[in-house]
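Report on the following structure.
The values are calculated or read from the model by the stated rules, or taken from the named source; none is laboratory data. This is a predicted model, so every value here is computed, not measured. Here the Cβ is made from the backbone with ideal geometry for all residues, glycine too, and neighbour counts use every protein chain on show.
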Amino acid sequence: MPTTRDYYEILSVERTADAEEIKRAYRRMAMKYHPDRNPGDAEAEARFKECSEAYEVLSDPKKRELYDRYGHEGLRGAGAAAHDFSRMDVSDIFSMFQDIFGGGFAGARSRRGPARGYDLETEVSVTLDEVLTGVETEVEFTRMDICETCAGSGARPGSAPVQCPTCHGQGKVQQQGLGGMFRMVTACPQCNGRGTIIKEHCPSCRGKGRVPKKRILSVKIPAGIHHGQAVRIRGEGEPPPQEAGTNGQGMRGDLHVVVRVKPHKVFQRDGDNLILEMPISFSQATLGAEIEVPTLTGSTMLTVPKGTQHGAIFRIAGEGLPNLRAPQRRGDLIVACRIEIPRKLSKKQEELLREFAKTEDERVLPESHGFLKKIRDLLGG
């Protein structure tokens, strides 16, 4: 039965996430909750189906647009509830199943090169000021590392693993898939792909060969980075799995540091541009003025011409954010004028304003004149 939870919440992504962020989030969830990695865990199976359903909708531009506009109701009749692997890129399908099962498909491409450990993901928050200059910050995360007591074998020191009787040391078994149409090679369920079984477990890792360890890294966040983008640090993920014939050799996975940009009190971001809503007075808008405008590096002067209207837009070149790929090129600061009407007037101000009102002639104000003419025509005047 289709879920009623928010799809963006299920995949832990923002509503503004692009296709690559959604795909990355789904692959992470799928690897975490796939039933073959969580045998007998009904909750994990339910979560896997839920994230697959969310990905099926959010990866399809048309379905995503319907969902964004009308929610779950907008997807009724749109065929949104069943996840379909045929929608994904073929190379991504095999990559995902290799990550999940630790093996491949018979007759399909086989894993090349040394084994590779799992990638990890963590988050870091930065300010808009730090986006302007770039920043070096520390991230703390936990990863599974090789147990020092048993050197990753999982066996009690002084003992040795024995050959797995199910796969006979191969670490893999063949299974029929999709009505016998093809054979699927998966990690042996008894030894989890190691090819050996541990009779006496290591007291530190309890036979797993891996223990969780906290790690702190200094990460350079480049200037101009956008909310939701990630910095990849090679080799800081988990070590490769213990598989038959590998002797624990291979490459570590990578660490992906996802950047979250904190909202600013004054500025809003639009690509490399910054948007500022600047309040100005009635007299400044009418008579023109030189006003001081804040920037991320201080302030600059802006000339407001006579007769400036509410919502008028002014552009200050080069006072935005640097471009991620070309840091020497900066966006602009876009100033939207907001005319403030005073709520309280002194007696003198009110007298002057009333005198000014007596001099006004609606017939010489083109916008007012046109609007009043429409009103008269509507009323038959």
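Listed values, structure above:
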quantity: Search result, residues across the stretch 115-148 that are assigned to a loop (DSSP other than H, G, I, E, B) and buried (at least 17 other Cβ atoms within 10 Å of the Cβ); calculated: GLY117, TYR118, ASP119, CYS147
quantity: Conditions (1) touching a Gly at 6+ places or on another chain (Cβ under 6 Å); (2) closer than 30 Å to LEU321 by Cα; number of the one not met by THR137; calculated: (1)
quantity: Candidate set: the stretch 1-17, residues that are within 11 Å of GLU53 (Cα to Cα) and modelled with pLDDT under 85; chosen: the one surrounded by the fewest Cβ atoms within 10 Å (Cβ to Cβ); calculated: MET1
quantity: Residues satisfying the stated conditions in the stretch 39-61, i.e. in contact (Cβ under 8 Å) with a residue 12 or more places away in the chain and either over 23 Å from the mean Cα position of the chain (by Cα) or not assigned by TED's automatic domain parsing to the domain that holds SER12 (or both); calculated: PRO39, GLU45
quantity: Failed condition for GLU292, given (1) touching a residue at least 12 places away in the same chain (Cβ under 8 Å); (2) part of a strand (DSSP E or B); (3) not polar (S, T, N, Q); calculated: (1)
quantity: Verdict on GLY228 being modelled with pLDDT of 85 or more, under 30 Å from ARG315 (Cβ atoms) and touching a helix residue (DSSP H, G or I) at 6+ places or on another chain (Cβ under 6 Å); calculated: yes
quantity: Top-ranked residue in the stretch 299-330 [being among the hydrophobic types (A, V, I, L, M, F, W, C), loosely packed, with under 12 Cβ neighbours inside 10 Å and at pLDDT 95 or above; ranked as farthest from the chain's Cα centre (by Cα)]; calculated: MET301
quantity: Candidate set: the stretch 331-342, residues that are closer than 19 Å to THR297 by Cα and assigned to a loop (DSSP other than H, G, I, E, B); chosen: the one farthest from the chain's Cα centre (by Cα); calculated: ASP332
quantity: Top-ranked residue in the stretch 330-349 [being basic (Lys, Arg) and touching a residue at least 24 places away in the same chain (Cβ under 8 Å); ranked as nearest to VAL135 (Cα to Cα)]; calculated: ARG330
quantity: Residue list for the stretch 246-281, restricted to those being surrounded by fewer than 16 Cβ atoms within 10 Å (Cβ to Cβ) and at pLDDT below 90; calculated: ASN247, GLN249, MET251
quantity: Filter result for ALA155 (farther than 23 Å from ILE233 by Cα, assigned by TED's automatic domain parsing to the domain that holds LEU255 and either free of Cβ contacts under 8 Å to residues at least 12 places away in the same chain or among the aromatic types (Phe, Trp, Tyr) (or both)); calculated: no
quantity: Verdict on VAL231 being part of a strand (DSSP E or B) and closer than 21 Å to ILE22 by Cα; calculated: yes
quantity: Residue that is farthest from PHE282 (Cα to Cα) [pool: residues in the stretch 343-381 that are at pLDDT 85 or above and in a loop (DSSP other than H, G, I, E, B)]; calculated: SER346
